[in-house]
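Each reported figure results from applying straightforward, stated rules to the coordinates on display, with no laboratory input. Please read these numbers as outputs of a predicted model, since none were measured by experiment. Cβ atoms come from the backbone with ideal geometry, glycine included; neighbour counts cover every protein chain shown.
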Amino acid sequence: MKLLGLCLLLLSMMSSALAADDIDQRLLHADEIKRTQGEAFATELAALESAQARLSTRQREYLHYLRGWQAVYLGQYGDAAARLGGLLDRAVDPVIRFRSRATLLNALTLSRRYVEGFDQLNQLLTDLETVTDPGARAQALGVAAQLLNQVAQYTESLRYSTKLLAESKLPWARCGAAQLEFEARFKSGELQDVSAPLERWADECALQGEAIFAGLLRTYVARLHLKNRRYNEVIRSLETHQAEFSATNYPFLMSEVAAIMATAHLALGQLDQAEDSARDAIDRLASGVYTEALTEAWRVRYQVALQRGDLKSAVTALETYKDVDRAYLDDVGRRALAFEMARHQARAKSLQIKSLNQQNEVLQLQQQVAENNVQTARVYILLLLTVLTFAIFWALRTRRMQRHFQQLAQCDSLTAVSSRPYFMDQASVLLDQLSRIGQPAALVVIDLDYFKSVNDRFGHAAGDDVLQRAAFACGELLDSQQLFGRLGGEEFAILLRGSVSDAVELAERCRLALMDIHFGPAESPSRLSGSFGVAGTEACGHDLRRLMIDADTALYEAKRKGRNRVVCHVPALDQMNGVRAIA
C-alpha cells in the first residue's frame with residue numbers, strides 16, 4: 001500500500017509539471033498570435049483564465065499583461081492603464097514589468113495622457129540598458145520610435161527603428177521597424193514617391209502574417225500615389241488589399257484607408273463613392289478620437305456637398321470639419337508641449353541628482369571639518385558659497401524654464417505670432433470686453449493661396465520661409481490692440497476693434513502686402529497671394545465661434561471665386577451663400 005501511494009504521488013507530481021509546462025506554452029502561443037489572429041487570441045485568454053487556480057504567480061502576471069495588451073488593441077484605454085499600472089507596482093518578473101511599461105506608454109498616448117506617457121518613456125529608455133530579453137527590447141524600441149514619430153521627432157525615431165531592425169530577428173519586430181522607418185521618412189518629406197523597398201516590405205510583412213504593419217505600409221504607398229495625382233492607382237492599390245485590411249479589424253488603419261479612398265474618388269469626380277468612403281472613415285473611429293484621417297474625411301464631405309450644390313449640408317460639414325481640424329491640431333500641440341515638458345523635467349531631474357551629489361560632497365566636507373578644527377572656518381565659507389551659488393543657479397534655471405513654457409504656449413514657434421490656442425483665448429476675452437461696452441469688432445481669416453505647391457515644388461524650408469515672410473508682412477500693418485495669430489498650416493486670423501469696413505480695409509492692405517512677396521528661383525520668381533474672409537459682430541454678435549464660421553464661409557467663397565481677393569460675409573444674403581466679394 002505504501003508503494004502504491006508513493007507511485008500515485010509521483011504520477012500526480014508529473015501530471016502537475018506537465019500541466020504547468022502546457023500553460024507556459026499556451027501563454028507563449030497567445031503572445032505570438034495576439035497581433036495576427038485576434039479571435040484565436042481572445043479564445044486562448046478565456047481558456048487560460050478558466051484555469052486561474054492552476055497558474056503560478058509568474059503565469060498569472062503574464063496572463064494579466066496579455067489582458068492589458070488586448071484592452072489597448074480594443075481601445076479600452078482606461079482598463080488597460082489600470083491593469084498595466086498594477087503590474088508595474090507588484091509584478092515579480094522584471095521582464096513583465098518592463099513590457100507592461102512599454103504597453104502602458106502606448107495606452108497613455110492613445111488616450112491623450114501625454115504628460116504621463118512621456119514620463120513613462122523616459123523611464124522605459126532608462127531601463128532599456130539593463131534588459132536583454134529580445135522580445136521586450138524590440139517592443140520598447142518600437143514604442144519609442146512610434147511615440148517620437150507622433151511628436152515629429154523623425155531623426156530620433158529613425159535612430160530607434162534602425163536599431164530595432166539591426167538587432168532583432170523576430171519577424172513582427174522587423175516588420176514593425178520597417179513600418180516605423182518608412183513612416184518617419186514619409187512624414188518628414190524625405191520619401192517623395194513609391195519605392196521598391198517600400199512595396200517589398202509591405203508584401204513581406206503580409207506574407208509573415210503581420211497584416212497591421214503591412215496595411216500601414218500600403219497606406220504610405222497610396223498616399224504617395226495621391227501626392228503624385230495617380231488617383232486611379234490609389235484606388236486600385238487599396239481595393240486589391242481590402243480583405244487584408246478588413247482582417248486586422250484595426251479601427252485606425254481602416255479609417256485611414258477609407259479617408260485616402262475618399263480623397264481619390266473626390267479627385268476623380270466620383271462623388272457618391274467619395275461620400276461613402278468618407279462616412280466609413282468617420283464611422284470607424286470612436287467618439288472623441290481625432291486623427292488626420294477624420295479631418296480629411298470631413299473635408300471630403302464638405303467638398304462633395306458643395307459640388308452637389310447642397311449648401312445646407314456643405315455648411316454643416318464645413319463647421320464639423322473646422323471643429324475636428326482644430327481639435328486635431330490642439331491634440332498635436334498638447335502632444336508636442338508634453339514632449340517638451342517631459343524633456344525639461346528629465347533635465348531638471350538630472351540637475352537634482354547632481355545637486356544631491358554636491359550636497360553629499362558638502363556633508364563629507366563637513367565631516368572632515370569636524371575632524372580637523374584648523375580648517376573649520378575656511379570650509380564653512382566654502383560650504384556657504386556652494387549652497388548660495390546652487391540656489392541662485394536653480395532659481396535662474398527655474399525662471400528660464402517657466403518663461404520657455406509660457407512662450408511655447410503663447411507664441412507660434414515658426415512665425416512668432418500668437419499660437420492658435422492663445423489667439424482663441426485672447427480673442428474670447430477681447431470680444432467679451434467689447435460686448436460689455438457695446439463696441440463692434442471684426443475678424444479677418446487669411447489663407448495663403450496654393451501653399452501646398454510651394455512645399456511640393458521648393459521644399460518645406462522654402463514653405464517655412466514664405467510663412468515667416470507672410471506673417472511679418474501682415475504684422476507690420478497691425479497696431480498693438482489688434483490680435484494676430486496662426487490658426488494652423490497656412491491659415492492666419494486677425495481680430496480688431498471696429499466695423500466690418502475697417503476690417504475690409506485692413507484685409508485689402510494685407511492682400512497687397514502679400515503680393516509684394518516673391519519666392520522661388522531668382523530667374524523666374526513666383527508671387528505670393530492670399531484669400532481673405534471677413535465677418536463682423538454687427539451681424540452675428542460677439543460670439544467667437546459664430547465669427548469664425550462666418551469668416552470661414554467668406555474665405556471659402558473667396559477661394560471659389562478665384563483666390564487673391566477679400567470677401568465679406570453679408571448676413572442678408574445667407575440664402576445666396578451669405579458672402580460679398582470686396583476685391
Checklist line | Whole-Hz couplings from phi, Karplus 6.51/-1.76/1.60, listed for segment 76-88; x for Gly and Pro | finding: 8, 5, x, 5, 4, 5, 5, 5, 6, x, x, 5, 4
Next item on the list: Take the alpha carbon atoms of segment 299-336, find their center, do the same for segment 472-509, and report the distance between the two centers in whole angstrom.
Entry: 23
Checklist line | Under 14 Å, Cβ to Cβ, from D203 - net charge with Lys/Arg +1 and Asp/Glu -1 | finding: -1
Next item on the list: Read phi for every residue in segment 31-36 and hand back ³J(HN,Hα) as whole Hz from Karplus 6.51 cos²θ - 1.76 cosθ + 1.60, θ = phi - 60°, with x for Gly and Pro.
Entry: 4, 6, 9, 4, 8, 10
Margin query: Run through segment 72-169 and list the trypsin sites (Lys or Arg not before Pro) located in a DSSP loop whose Cβ has at most 12 other Cβ atoms within 10 Å.
Written below: K169
Notebook entry, point to check: Can you give the Kirkwood hydrodynamic radius for segment 429-537, in Å, rounded to one decimal and based on Cα pairs?
Noted result: 14.7
Check: Shape of segment 520-559 from its Cα gyration tensor (a ≥ b ≥ c, root eigenvalues): rounded if a/c is under 1.5, otherwise prolate when a/b > b/c, or oblate?
Finding: prolate
Margin query: Taking amide H atoms as placed 1.01 Å from N in the peptide plane, list the residues 5 or more away in sequence, or in a different chain, whose amide H sits under 5 Å from that of A441.
Written below: G498, T537, E538
Next item on the list: Given a cut-off of 24 Å, name the pairs among K34/K187; K34/K169; K452/K559; K163/K227; K312/K452; K187/K561 whose C-alpha atoms lie farther apart than that in the structure shown.
Entry: K34/K187; K163/K227; K312/K452; K187/K561
